[in-house]
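> This is the structure I have questions about; it appears just below.
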Amino acid sequence: MPKTLNIDPRVSIIEDRLESVKRIIAVTGFKGGIGKSVISVSLALALNEKGFKTGLFDMDFSGASGHIILNSAGSFPREDKGLIPPYVHGIKFMTAAYFSGDRALPLRGSSVSNAIKELLTVTIWDELDFLIMDMPPGINDTALDVIKLVKKAEILPVQIPSKISEDVLKRSIEIYRELGIKITGTVENMSASSKPGFYSQIFYDKALEKTLGCPEKIMKTCFYGDVLKLALKVSRTSKMSKREGEREKTRLVKQNGDIPGEVKK
Amino acid sequence: MHEWALAESVIKTIKSGKNIKKGSPVEVLFGELQDIDREIFSFALDELLKQEPELKKTRIKIETEKAEFECVSCGAKFDLKAAVNTPEEKENIHFIPEMAKAFIKCPKCRSHDFEITKGRGLSLRVTGNGEKCRKH
């Protein structure tokens, strides 16, 4: 009997789809509710404001929220040899929420992977300086698929001033390091005081919540002012410099003890 | 017309030669759930093949696979006929078949937690020998 092989053709084209995207930044965090999505949207708005061609891809298929923060109601991708993301407030924006509407989307692991592959296959981003990926929390199917399929993705981890958030981040960041993934630098969100060592700090702004859904109002907050500083820093660094990398490592060791997997000399 | 993007992935895969012996007939399987427009896809495939002279002799056959679902909650097996959809919902599933999880329920227990066991979307089937294939 001749052997029959089933092949998924989609994975072959994904790198081509992202070829004209200069930098891909996956905003990730290892716990929910720490502000990844608001930072992702605001970072995209800030980079766009600074003149960079920017795209935003909400990768949190089951918990999509970018469309609410950005208020993309009435927008839908255009079909032309693929799906062309619409411009929303100057950003090319793609989300599964265009297709799921106001319905909940209960997805198990393999379905998450399939949905990600499908959108990465058919979305035509064209030329971009930055593509911001808003990731779901944790190192899960989405994170593993991005690592596997989007080779040039850099990680921008977000944490909050909480022992749990810091500890989970420390363990997760080590996995990315072992896999050789670029880490742009850790961002502390909801900061209460200045601390050395972070790539960027975004201070708690109680006025932010009421502005969600109205980008013009978000862009007037103190929160956005801090994100703007982050955007400038991100746009100036191709990846975390060796010095910043060492500083980040020192900070993690100071906060949490030894880094797992690190061999003491 | 996002069929064009899917056709590009088929051509890229065949061109890569990975797991596909040169000249082997290739079967393109359309999952019933995704409801790919066969005419548009075939047109895209023809146009893309014209740009790849080395694939001139490639024989591609298109088949459709019926969609089958299995409920994780109660174990019931059902097909697309049992899952009633509006044209708008069908369109959304056409773009991302996993959207079925938002719009389709198990006809027995009404759960959205089901597996798409067959006929999801696009896939390729390659048989190692020179099995005869008509040109699409």
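> From (1) in contact (Cβ under 8 Å) with a residue 40 or more places away in the chain; (2) within 14 Å of chain A (Cβ to nearest Cβ), pick out the condition that doesn't hold for residue B:112.
Against the list (1) in contact (Cβ under 8 Å) with a residue 40 or more places away in the chain; (2) within 14 Å of chain A (Cβ to nearest Cβ), residue B:112 comes up short only on (1).
> Within region B:66-91, count every residue that is at pLDDT 95 or above and under 30 Å from residue B:48 (Cβ atoms).
Of the residues in region B:66-91, 2 are at pLDDT 95 or above and under 30 Å from residue B:48 (Cβ atoms).
> A follow-up question, please. Exactly one of (1) in contact with a helix residue (DSSP H, G or I) (Cβ under 9 Å, 6 or more places away or on another chain); (2) open to solvent by 10 Å² or more (accessible area, probe 1.4 Å) is unmet by residue A:74. Its number?
Failing condition for residue A:74: (1).
> Also: Say we look at region B:115-132 and pick out the residues that are at the interface with chain A (Cβ under 7 Å from one of its Cβ atoms) and polar (S, T, N, Q); which of these is farthest from the chain's Cα centre (by Cα)?
B:129
> Still on this structure, please answer the following. Residue check, residue B:45 against (1) more than 10 Å from every other protein chain (Cβ to nearest Cβ); (2) out of contact with any His (no Cβ under 9 Å at 6 or more places or on another chain), all met but one. Which one?
Going through (1) more than 10 Å from every other protein chain (Cβ to nearest Cβ); (2) out of contact with any His (no Cβ under 9 Å at 6 or more places or on another chain) one by one, residue B:45 breaks only (2).
> Here are B:36, B:40: which of them is assigned by TED's automatic domain parsing to the domain that holds residue B:14, open to solvent by 10 Å² or more (accessible area, probe 1.4 Å) and more than 12 Å from the chain's Cα centre (by Cα)?
Going through B:36, B:40 in turn, the sole match is B:40.
> Scan region B:83-97 residue by residue and report those that are touching a strand residue (DSSP E or B) at 6+ places or on another chain (Cβ under 8 Å) and within 9 Å of chain A (Cβ to nearest Cβ).
Passing the criteria: B:95, B:97.
> Let me spell it out: the conditions are (1) within 28 Å of residue A:62 (Cα to Cα); (2) open to solvent by less than 60 Å² (accessible area, probe 1.4 Å); (3) among the small types (Gly, Ala, Ser), and residue B:73 meets all of them except one. Which number is the exception?
The failed condition is (2).
> How many residues are closer than 25 Å to residue B:2 by Cβ and either among the hydroxyl-bearing types (Ser, Thr, Tyr) or surrounded by fewer than 19 Cβ atoms within 10 Å (Cβ to Cβ) (or both) when one looks only at region B:106-123?
Total satisfying the criteria: 4.
> Need a quick list: strands (runs of 3 or more DSSP E) entirely within region A:4-76 having at least 2 residues that are more than 14 Å from chain B (Cβ to nearest Cβ) and farther than 30 Å from residue B:14 by Cα.
It comes to A:21-29, A:54-58.
> Starting from region B:8-35, keep only residues that are touching a residue at least 40 places away in the same chain (Cβ under 8 Å) and more than 10 Å from chain A (Cβ to nearest Cβ), then list their pairs with residues that are among the β-branched types (Val, Ile, Thr) and open to solvent by 50 Å² or more (accessible area, probe 1.4 Å) whose Cβ atoms are within a distance under 7 Å, requiring at least 6 positions of separation or different chains.
B:30/B:64; B:32/B:64
> Please work out which one of (1) in contact (Cβ under 8 Å) with a residue 40 or more places away in the chain; (2) in contact with a Gly (Cβ under 7 Å, 6 or more places away or on another chain) is the condition residue A:95 fails and give its number.
If we test residue A:95 against (1) in contact (Cβ under 8 Å) with a residue 40 or more places away in the chain; (2) in contact with a Gly (Cβ under 7 Å, 6 or more places away or on another chain), just (1) comes out false.
The values are calculated or read from the model by the stated rules, or taken from the named source; none is laboratory data. It should be emphasised that the depicted structure is a prediction, and the values quoted were computed from it without experimental measurement. Positions of Cβ are generated from backbone atoms using ideal geometry, with glycine treated the same way; all protein chains shown enter the neighbour counts. In case anyone asks, the SASA skips ligands and DNA or RNA and just uses the protein heavy atoms, side chains included. Shrake-Rupley method; radii C 1.70, N 1.55, O 1.52, S 1.80 Å.
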